[in-house]
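Step one of this worksheet: look at the structure below.
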Amino acid sequence: MAVSAYFHIPFCAHICHYCDFNKVFAAGQPIDDYLRAMDKEMAWTAAEFGSQLKTLFIGGGTPTVLEPAQLGCLLASIHRHFQFDPQTAEFTVEANSDGLTKEKLAILRDAGVNRLSLGVQTFDDQLLQTIGRTHRRGDVIRAVALAREVGFQNISIDVMYGLPGQTLEQFTADLEAAFSLHVPHLSAYSLILEPRTIFYNEWRKGRLRLPGEEMEAEMYEAAMEQMAAAGYRQYEISNYALPGFESRHNLTYWNNEEYYGIGAGAHSYIDGVRRANIGPIRHYISAIERGQWPHRDVRRLTTREQMEEEMFLGLRKTEGVSKACFRQKFGRDLHDIFGAAIRREIENGRLEETETHIRLTKRGKLLGNEVFAAFLGEM
């Protein structure tokens, strides 16, 4: 059976102030050794679990920080170990606007990559500087034009709200700028202060001025309203697409389906087992060179845990959790397991029930984490 695969490239030319992903400065790193280690993990994964893929996603870090030859090496490894139909598979690569060249885009396109995800965050040059991004508004416009010139039509842009000093007017201007590029997929994420980031340390010292919760909620509501007016359908809490351009790879996660994770810090979910890879790059390489799987944690989920994940992942989708899919997966009626929580959240106005699904209301979307928590440990 075909599954999805995520490939992690943890190298960046610059570290953004809010980012807590597994990443390091690319300069001086053993990138070639890392790519060879990934090649071995791919070989082991395909041999152990299967080689058929339906979606592929290369993320980071910044995958396009790789030199053209290194990028070609990574893509050759993927093709050597995995099989996928280039006509039907979704193959996404994350990219930064200021590191994108026509040569790299052509390498991606020739290898079957058919979707590009650009981390933009904001079109406001001053805000870009504040959050530690190295690109500017003009770089985004040039990157989208260059990608289209090479043949990419399926392009996604990420924007953020709740940034330091950001106003509602600035965020709605960002949305308008994104709409003007006519890309088929947009994501809008709120800033989350994560430990071990520059912003978190600044916040702890009282040096970071952030919009309040009320303003963040206004920004989120503005995103939902303006996206809909521009023809983008909200299919997940933070994601919007023109019809047919939803991210099939990310839907794998929200549908609680199986996927491989290749690379340092990557996660897998196969046969009810979650595996997390070693994060530090040199430790990851060393484990593979010793002939060992690079796992730091392997845990088989109980049926109860799988059911809980089905709920809090599925509720992220606008359509919600399918009653029929739940019964098909677990042989139980959703209400038999979570009836009390569902009734309570419906009474609170945060969930609603249709004939086929349980889903968040508009109020529920604003308070998603509280709703998800209602299904953890609920008996």
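Summary of values
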read-out	value
Selection status of V159, surrounded by 19 or more Cβ atoms within 10 Å (Cβ to Cβ), touching a residue at least 24 places away in the same chain (Cβ under 8 Å) and assigned to a helix (DSSP H, G or I)	no
Lone unmet requirement of (1) without any contact (Cβ under 8 Å) to a residue 40 or more places away in the chain; (2) of a type outside the set (S, T, N, Q); (3) on the phi > 0 side of the Ramachandran plot; (4) buried (at least 20 other Cβ atoms within 10 Å of the Cβ) for L75	(3)
Failed criterion for T92 (all others in (1) in a helix (DSSP H, G or I); (2) under 17 Å from Y260 (Cα atoms) hold)	(1)
Top-ranked residue in region 128-160 [being at pLDDT below 95 and touching a Pro at 6+ places or on another chain (Cβ under 8 Å); ranked as farthest from S187 (Cα to Cα)]	T130
Residue in region 186-237 that is most open to solvent (accessible area, probe 1.4 Å), counting only those that are among the polar types (S, T, N, Q) and modelled with pLDDT under 85	N201
Long-range neighbours under 7 Å by Cβ, at least six apart or interchain, first residue in contact (Cβ under 8 Å) with a residue 24 or more places away in the chain within region 212-233, second open to solvent by 60 Å² or more (accessible area, probe 1.4 Å) and outside any loop (DSSP other than H, G, I, E, B)	A217/L366; Y220/L366
So T88, is it of a type in the set (S, T, Y) and free of Cβ contacts under 8 Å to residues at least 40 places away in the same chain	yes
Among residues of region 352-378, those that are free of Cβ contacts under 8 Å to residues at least 40 places away in the same chain, outside any helix (DSSP H, G or I) and under 18 Å from A217 (Cα atoms), counted	2
Selection count where residues are farther than 14 Å from L100 by Cα and surrounded by 20 or more Cβ atoms within 10 Å (Cβ to Cβ), scope region 128-156	5
Neighbours by Cβ (under 7 Å, 6+ apart or cross-chain): first from region 49-66, open to solvent by 20 Å² or more (accessible area, probe 1.4 Å); second part of a helix (DSSP H, G or I) and at pLDDT below 95	V65/G99
The lone exception for L56 - which of (1) modelled with pLDDT under 90; (2) touching an Asp or Glu at 6+ places or on another chain (Cβ under 9 Å); (3) aliphatic (A, V, I, L, M) it fails	(1)
Residue, farthest from T356 (Cα to Cα), within region 305-343, restricted to residues that are part of a loop (DSSP other than H, G, I, E, B) and open to solvent by less than 20 Å² (accessible area, probe 1.4 Å)	L315
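The values are calculated or read from the model by the stated rules, or taken from the named source; none is laboratory data. Just so you know, these numbers come straight off a predicted model, no measurement behind them. With ideal geometry, Cβ positions are generated from the backbone for all residues, glycine too; neighbour counts draw on all protein chains shown. With ligands, DNA and RNA removed, areas are computed over all heavy atoms of the protein, side chains included. Shrake-Rupley method; radii C 1.70, N 1.55, O 1.52, S 1.80 Å.
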